[in-house]
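The values are calculated or read from the model by the stated rules, or taken from the named source; none is laboratory data. What you are looking at is a predicted structure, and each value in this text was computed from that prediction instead of being measured. Neighbour counts run over all protein chains shown; Cβ positions are idealised from the backbone, glycine included.
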Amino acid sequence: MNAPRARRSVLFLPGDKPRTHEKARGLAADGLIFDLEDSVAPDAKEATRAQIAASLAAGGYGARELVVRVNGAGTSWQEDDLRFAATQPIAAILLPKVDDPAQVRAAESILDAAGAGADLAIWCMMETPLAFLNAAAIAASSRRVGALVMGTEDLGKDLRTRKLPDRAAFATALQLCVLAARAHGLTPLDSVYADFGDAQGFAAQCRQGRDWGFAGKTLIHPGQIGPANDAFGPSAQELDEARRIIAAFAAATAAGKGIAALDGRMIEKLHVESAKALLALAAATTP
């Protein structure tokens, strides 16, 4: 379930808007999240499930990773959402507002009972203070957990923080999730950037997210896909350096040495592993 996969850009799609589903077939996003939660009115949940099923059945999404966001624990819709998702040709379900491991295990039980395949992953949205305090336990809660997805809009509301460009108020929470995700072999995905008209601010937050260890970003507008792919994907320069690192270490090993030198710096096995991971990420990107 955790094989190398590019998740640079993961776009939310309103579940009840078939035109957005159709347009998404031509977008360069690595993943698409069909939403049954926030973007769908309470009286439209059942009809939206049918619409998502029709879009998925029509296909045409290529190698894009397909995800359905279900409604939260405690709502009257979650069980039906999970049973529905268990039968769909998707890679994962996204659980909103996960506070503790018990919510993940409850969702897993419903999926199992509904006949979900062993490879159907659970992605957990981290949106509340309790979620971030429980990040490690949530990451370890189920074999199905594949990603931790940040939700700083809700977190900011609960923390009563001011909106700061550098996200200093969220730094501890976000890095706790990156630590938890990486420790358990999961994908950490950065939160949406709501001001989709602010290209400069979005680009800056993408750079920050990659520097903090996130694998990619969730998005709310197609115009954000290209910048996210650029920010979270390896550059040509980085790929060239990765190849040179591997070659230098291979030459040193052939000469009976345990370390190598490249451009005046020491190269060890850990650097080679990072270089190979970068090349694997590049190979996994959606065309």
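Points worth noting:
- Being in contact with a helix residue (DSSP H, G or I) (Cβ under 7 Å, 6 or more places away or on another chain), within 25 Å of Asp30 (Cβ to Cβ) and either surrounded by 11 or more Cβ atoms within 10 Å (Cβ to Cβ) or of a type in the set (Val, Ile, Thr) (or both) is a property that Leu239 has.
- Some residue of segment 40-56 being of a type in the set (Lys, Arg), touching a residue at least 60 places away in the same chain (Cβ under 8 Å) and in the same structural domain as His184 (by TED's automatic domain parsing): no
- Counting the residues of segment 16-37 that are assigned to a loop (DSSP other than H, G, I, E, B) and without any contact (Cβ under 8 Å) to a residue 40 or more places away in the chain gives 4.
- Single unsatisfied condition, Val192 versus (1) in contact with a Phe, Trp or Tyr (Cβ under 6 Å, 6 or more places away or on another chain); (2) of a type in the set (A, V, I, L, M, F, W, C); (3) assigned to a loop (DSSP other than H, G, I, E, B): (1)
- Within segment 235-287, the set of residues being of a type in the set (Gly, Ala, Ser), in a helix (DSSP H, G or I) and under 25 Å from the mean Cα position of the chain (by Cα) comprises Ala236, Ala242, Ser274, Ala275, Ala277, Ala280, Ala282, Ala283, Ala284.
- Qualifying position, being assigned by TED's automatic domain parsing to the domain that holds Gln175, farther than 28 Å from Pro4 by Cβ, surrounded by 23 or more Cβ atoms within 10 Å (Cβ to Cβ) and charged (D, E, K, R), among Asp81, Asp99: Asp81
- Filter pass, Pro129 being in the same structural domain as Gln175 (by TED's automatic domain parsing), under 25 Å from Gly209 (Cα atoms) and surrounded by 21 or more Cβ atoms within 10 Å (Cβ to Cβ): no
- Against the conditions (1) hydrophobic (A, V, I, L, M, F, W, C); (2) in a helix (DSSP H, G or I); (3) modelled with pLDDT under 95, Ala231 satisfies every one except (3).
- Filter pass, Val67 being in contact (Cβ under 8 Å) with a residue 40 or more places away in the chain and closer than 26 Å to Gly223 by Cα: yes
- For segment 102-118, a residue qualifies if it is surrounded by fewer than 18 Cβ atoms within 10 Å (Cβ to Cβ) and in a helix (DSSP H, G or I), and the qualifying residues are Ala102, Arg105, Ala106, Ser109, Asp112, Ala113.
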